Amino acid sequence: AQSVTQLDSQVPVFEEAPVELRCNYSSSVSVYLFWYVQYPNQGLQLLLKYLSGSTLVKGINGFEAEFNKSQTSFHLRKPSVHISDTAEYFCAVTVGDMGRRALTFGSGTRLQVQP
Amino acid sequence: GAVVSQHPSRVICKSGTSVKIECRSLDFQATTMFWYRQFPKQSLMLMATSNEGSKATYEQGVEKDKFLINHASLTLSTLTVTSAHPEDSSFYICSAIVMGYGDEQYFGPGTRLTVT
């Protein structure tokens, strides 16, 4: 079975500073990787996804992530954060038959952007 | 884009009563929907997989007689929490897979259930 580890439960950062949210996964087969953002009392919004091809994936709101197979990582980055980026971020993975499998989520990272 | 709705967004019920939560795909057909549960400050945990026209598949530790799932059409799945208890209080989120586009799940906005 696959698993996801988000190493940081909280990441405080000042506005306009760069940020990296870490995600490592474990799987014995090829994976598909996702980052989602969740604002308070709301559902999940997809930021970006890695299915195949280029290991650098660009998403919405200026976020990007890099798939590193050797390090089994999929870290999320943004060069300059805004106050509005304050939210919970979840890394997720699925394997196998892409259209039929549920996602396994990491424990989440709370990004707190301070003025 | 694909939109998934949930109703109600919030519900408060008394212990021992049952609550039904609806998950609808508004502009697409979903052969498969998933139900997740999220406790405060925790991640999403898969409860069950709902397939249109067949019985739901429940994850280990999830009581199928307590959490009844019905996926009666390609646009609607319902989760009924029977004989609710305070420990069932949680945020319930559904997601749906777009038929023919098997690489993304679309999530509903969630339902906050509080059992008093």
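Values quoted throughout were computed directly from the atomic coordinates according to the rules given, and no laboratory measurement underlies them. In this text, all values refer to a predicted model and were calculated from it rather than measured experimentally. Heads up, the Cβs are rebuilt from the backbone with ideal geometry, glycines too, and the neighbour counts pull from every protein chain shown.
Would you be so kind as to identify which of A:Pro18, A:Leu7, A:Pro40 lies farthest towards the positive end of the dipole of chain A, taking Lys and Arg as +1 and Asp and Glu as -1 on Cβ and the Cα centre as origin?
Of the candidates, A:Leu7 comes out farthest on the positive side.
Return A:Leu48, B:Leu79 ranked ascending by Cβ neighbour count within 10 Å, so the fewest neighbours appear first.
With the sparsest Cβ surroundings first, the list reads A:Leu48, B:Leu79.
Would you compute, for the Cα atoms of the stretch A:31-81, the largest minus smallest coordinate along each principal axis and list the three values in descending order, in whole Å?
Dimensions of the stretch A:31-81 along the principal axes of its Cα atoms: 36, 25, 17 Å.
Among the lysines, which have Cα under 19 Å from the Cα of B:Lys66 when same-chain residues fewer than 8 positions away are ignored?
Reachable lysines: B:Lys14, B:Lys20, B:Lys55.
Can you give me the P(r) profile for chain A? Cα pairs, bins 5 angstrom wide beginning at 0, each as a whole percent.
The calculated distribution, bin by bin, is 2, 12, 24, 25, 19, 10, 5, 2, 0.
Using the Cα atoms as the points, what is the convex hull volume per residue of the protein assembly as shown in Å³?
123
Dipole of chain B, Cα-centred, from +1 at each Lys and Arg C-beta and -1 at each Asp and Glu C-beta, to the nearest 20 debye?
Its charge dipole is roughly 380 debye.
Could you line up B:Phe28, A:Phe63 from fewest to most neighbouring Cβ atoms inside 10 Å?
B:Phe28, A:Phe63
What Cys residues in the protein assembly as shown are without a partner cysteine, judged by a Cβ distance under 4.7 Å?
That list is B:Cys13.
Rg and Dmax of chain B, using alpha carbons, in Å: what are they?
13.4, 42
Give the separation of the Cα centroids, the stretch A:20-81 to the stretch B:19-51, in Å.
Comparing the Cα centres of the stretch A:20-81 and the stretch B:19-51, I get a distance of 22 Å.
If you count, for every residue in A:43-56, the Cβ atoms of partner chains within 10 Å of its Cβ, what is the mean?
Mean partner-chain Cβ count within 10 Å for A:43-56: 3.
List the lysines whose alpha-carbon lies under 23 Å from that of A:Lys69, not counting same-chain residues fewer than 8 positions away?
The qualifying lysines are A:Lys49, A:Lys58, A:Lys78.
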